[in-house]
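Report on the following structure.
The values are calculated or read from the model by the stated rules, or taken from the named source; none is laboratory data. As the structure is a computational prediction, the values presented were derived from the model and not from experiment. Here Cβ is always computed from backbone atoms with ideal geometry, including for glycine, and neighbour counts include all displayed protein chains.
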Amino acid sequence: MDDEWICGRLGEDEPWMLGAVNPPVFENSLFTFETAGELGEAIRNEDERYVYWRGTNPTVDLAQRKLAALERGERAKCFASGMGAIAATISSLVKAGDHVLVLGAVYGPTTQFLRYLEKFGVTHTHVEDLDGCDSAITASTRLLYFESPSYMAYAVVDIAEVTAWARERGLVTVMDNTWSTPLFQKPLTLGVDLVVHSLSKYIGGHSDLVGGVVIGPSRLIRPLALTEYQLYGAAMSPHDAAKVIKGLRTLPVRMAAHQERGLAVAGFLADHPAVRRVNYPGLPSHPGHAQALRQMSGFSSLFSLELETDSRPVVAAFIDLLRHFRIGVSWGGFESLVNAPALSTEESVRATMGIPIGLVRLSIGLEPAETLIKDLGLALEGASPLA
Ligand SMILES: *Cc1c(COP(=O)(O)O)cnc(C)c1O
């Protein structure tokens, strides 16, 4: 089973599809049964049987089968958002009194969710590396959570080393693999227990979908599907599942195009005198590049750069001069996007978090690389004194 086939055909040659090239969208909120006994049996196994939309849906199931196969996982559960998946996953693994290790920089709302859990007696510690993990681990530590490449800094974690460390200590590992998509990195094959994704980024790919997924062994997915999925109610809609399936059809070709453009644009910026540095693991000069090549088969096109300036107006001028990058949050769509985290963060918070003023995040879309490079060159020249 190769990934292109999974993205295109897996699960789609079944009789219920009647030969349709796209799966039907099952819009019904409930399913009915011949007998009361059959309904009872279905309710007792609601993670696998179709009873009610908040639990299971055939269109959502097809998306889940493809995502599980792409990650080489046993099962997947799709949610109404990436945060829905992350919150349910973490909640399913901890109880009052437990402690969570967070390795490296992770998505902001994930940290906010861990802070929120403090009111239920779940604590966490942020650490930078395995030495930090060694110092911070306690008898109550249950879970190790991380991203690779890490959020905003795009530092590369040695996934096999981290999962071996965690396994020896009886910790469950959860990794956010949104950056790479399952096409470019398969953390479950490197020992990670559960992988989470925001489907709102490359997998959706058209900036018209918000969704999430968790993938892993049935022994961890089943309880989560029966409890947190049902009770938090962040169920994926069948329409969104149809968008996930549509996004997967073109994911292999889009990711190849994103990678080619990302490398070209990052290479241009790395050589530009107005740019202090480019945080992109695809560049040979990136400190994590060698490790990335050992565990990834490609690079997506989201990265950050630091301008040679500490002036907010100069950063703002640079962004406003860009014609082919739209200004906004999110990433992974067809359209190139730009966002300067320092400009949207209060100064005191920015300083404590250590976000450089000149930090700019780019999501390279599907426009020709030459167009984007020309645009960036002109904006760097125009935003004096960057030139
Ligand atoms: C966007 C994002 C999420 C959250 O996903 P939503 O679909 O927006 O809830 C989680 N992790 C990473 C790395 C993200 O970029």
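For region 333-365, how many residues meet the condition of being part of a loop (DSSP other than H, G, I, E, B) and either more than 15 Å from the ligand (Cβ to nearest atom) or in contact with a helix residue (DSSP H, G or I) (Cβ under 8 Å, 6 or more places away or on another chain) (or both)? Total satisfying the criteria: 13. Quick one: count up the residues across region 111-168 that are at pLDDT 95 or above, in a loop (DSSP other than H, G, I, E, B) and either touching a helix residue (DSSP H, G or I) at 6+ places or on another chain (Cβ under 8 Å) or within 29 Å of Ala342 (Cα to Cα) (or both). Result for region 111-168: 11. Candidates are the residues of region 346-384 that are among the hydroxyl-bearing types (Ser, Thr, Tyr) and surrounded by fewer than 15 Cβ atoms within 10 Å (Cβ to Cβ); the one that is modelled with the highest pLDDT is Thr371. Screening the candidates Val162, Val122, Val106, Val102 for the property of being more than 30 Å from Lys243 (Cα to Cα), buried (at least 19 other Cβ atoms within 10 Å of the Cβ) and touching an Asp or Glu at 6+ places or on another chain (Cβ under 7 Å) yields one hit, Val122. Restricting region 192-210 to residues that are surrounded by fewer than 24 Cβ atoms within 10 Å (Cβ to Cβ) and either more than 11 Å from the ligand (Cβ to nearest atom) or without any contact (Cβ under 8 Å) to a residue 60 or more places away in the chain (or both) leaves a set whose member that is farthest from Ser330 (Cα to Cα) is Asp193.
Each residue in region 1-12 was checked for being farther than 19 Å from Val60 by Cβ and in a loop (DSSP other than H, G, I, E, B), and 2 of them qualify.
Listed by first and then second residue, the pairs linking a residue in region 335-351 that is in contact (Cβ under 8 Å) with a residue 60 or more places away in the chain to a residue that is assigned to a loop (DSSP other than H, G, I, E, B), with Cβ atoms under 6 Å apart and 6 or more places separating them unless they lie on different chains, are Glu335/Gly365; Pro341/Ile355.
Return the only residue of Gly97, Gly55 being in a loop (DSSP other than H, G, I, E, B), touching a residue at least 12 places away in the same chain (Cβ under 8 Å), more than 16 Å from the ligand (Cβ to nearest atom) and within 27 Å of Gly247 (Cβ to Cβ). It is Gly55. Note on region 57-87: among residues that are in contact with a strand residue (DSSP E or B) (Cβ under 9 Å, 6 or more places away or on another chain) and polar (S, T, N, Q), the one that is surrounded by the fewest Cβ atoms within 10 Å (Cβ to Cβ) is Ser81. Exactly one residue out of Glu308, Glu347, Glu335 is closer than 26 Å to Gly247 by Cβ and of a type in the set (Asp, Glu), and it is Glu335. For His239, state whether it is within 16 Å of the ligand (Cβ to nearest atom), of a type outside the set (Val, Ile, Thr), part of a helix (DSSP H, G or I) and over 28 Å from Ile90 (Cα atoms). When the stated conditions are applied, His239 does not pass them. Would you check if Leu220 is touching a Ser or Thr at 6+ places or on another chain (Cβ under 9 Å), surrounded by fewer than 24 Cβ atoms within 10 Å (Cβ to Cβ) and not in a loop (DSSP other than H, G, I, E, B)? Considered against the rule, which asks whether it is touching a Ser or Thr at 6+ places or on another chain (Cβ under 9 Å), surrounded by fewer than 24 Cβ atoms within 10 Å (Cβ to Cβ) and not in a loop (DSSP other than H, G, I, E, B), Leu220 comes out as yes. In the set (1) buried (at least 18 other Cβ atoms within 10 Å of the Cβ); (2) within 16 Å of the ligand (Cβ to nearest atom); (3) more than 19 Å from the chain's Cα centre (by Cα); (4) not polar (S, T, N, Q), the condition left unmet by Tyr116 is number (1).
Restricting Asp271, Asp310 to residues that are of a type in the set (Asp, Glu), modelled with pLDDT of 95 or more and either closer than 26 Å to Leu209 by Cβ or more than 18 Å from the chain's Cα centre (by Cα) (or both) narrows the list to Asp271. For first residues located in region 178-191 and under 11 Å from Arg72 (Cα atoms), partners that are within 11 Å of the ligand (Cβ to nearest atom) and not β-branched (Val, Ile, Thr) and lie 6+ apart or on another chain with Cβ distances below 7 Å form the pairs Gln185/Asn177; Pro187/Met175; Pro187/Asn177.
Answer yes if at least one residue in region 274-293 is in a helix (DSSP H, G or I), of a type outside the set (D, E, K, R) and in contact with a strand residue (DSSP E or B) (Cβ under 8 Å, 6 or more places away or on another chain), and no otherwise. No, region 274-293 contains no residue that is in a helix (DSSP H, G or I), of a type outside the set (D, E, K, R) and in contact with a strand residue (DSSP E or B) (Cβ under 8 Å, 6 or more places away or on another chain).
Checking region 261-269 against the condition returns no match, with no residue being within 16 Å of the ligand (Cβ to nearest atom), buried (at least 19 other Cβ atoms within 10 Å of the Cβ) and either more than 22 Å from Gly82 (Cβ to Cβ) or without any contact (Cβ under 8 Å) to a residue 40 or more places away in the chain (or both).
Looking across Thr227, Thr181, Thr189, one residue alone is polar (S, T, N, Q), more than 16 Å from the ligand (Cβ to nearest atom) and under 19 Å from the mean Cα position of the chain (by Cα). It is Thr189. The condition of being closer than 16 Å to Arg294 by Cα, of a type in the set (A, V, I, L, M, F, W, C) and within 16 Å of the ligand (Cβ to nearest atom) holds for only one of Val156, Val162, that being Val156.
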